[in-house]
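The values are calculated or read from the model by the stated rules, or taken from the named source; none is laboratory data. Just so it is clear, the model here is predicted, and its values are computed rather than measured. Cβ placement follows ideal geometry from the backbone for every residue including glycine, while neighbour counts extend to all protein chains displayed.
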Amino acid sequence: MCDDALELNLGLGNKGQSPRHRCPPPFLLKTYELLEEEEKEKHSTKIVSWNSQGNAFVVWSPAEFSDLTLPRYFKHNNFSSFIRQLNTYGFRKISSKRWEFKHEKFQRGCRHMLIEISRKKCEPSVFPAYLKSSSEENAMTCSSEENNQQLLMEENKNLKKERLELQMQIAECKALEMKLLAYLSQSMDNHQNKIRRLC
């Protein structure tokens, strides 16, 4: 894929200055580093990893990610805050069945591309706020609120779907548990009967 190259900002305006290293935002660097370190460590269960193509990453266990991984790299253990940060840098959740996030410039082996990722900026208005009519401001506010509401409704729908899937998995696990307990009980009874016959 990509090499870990070091980008230089040569500062063409000032000929006498030495080249400076451009640094990616700390959040992106820490997220990249945690993925690289998790990949090096061989866990029996994955908490977070790159996807198979290396062009996105998956948080396999949000609870363990919050409890174990986030505090090692960030000053919190709040998974929602982590997702909000991803959103501010333009990451998208690309799967409804798992916590998989993608940004075209965030890829395995391409640390040098991190400097090309920046926070989303609000679109500046052509007119200063004090020149806008109140009806124009109200229209913009309504449009923004409708957009936010639509996004929230969509996220709510996805969360309900996810909850339903999890409830189904729990029901399946409980049914399996009951079968295993019944089998174990039957095996114990058979074992005790054999012992009684031998005595």
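Considering region 75-134, and only residues there that are of a type in the set (Val, Ile, Thr) and either buried (at least 17 other Cβ atoms within 10 Å of the Cβ) or in a loop (DSSP other than H, G, I, E, B) (or both), the residue that is modelled with the lowest pLDDT turns out to be 126.
Whenever a residue of region 47-76 is without any contact (Cβ under 8 Å) to a residue 40 or more places away in the chain, its partners that are part of a loop (DSSP other than H, G, I, E, B) and among the basic types (Lys, Arg), lying with C-beta atoms within less than 6 angstrom and at least six residues away or across chains, give the pairs 60/46. In the set (1) at pLDDT 90 or above; (2) surrounded by 18 or more Cβ atoms within 10 Å (Cβ to Cβ); (3) of a type outside the set (D, E, K, R), residue 24 fails one condition alone, (1).
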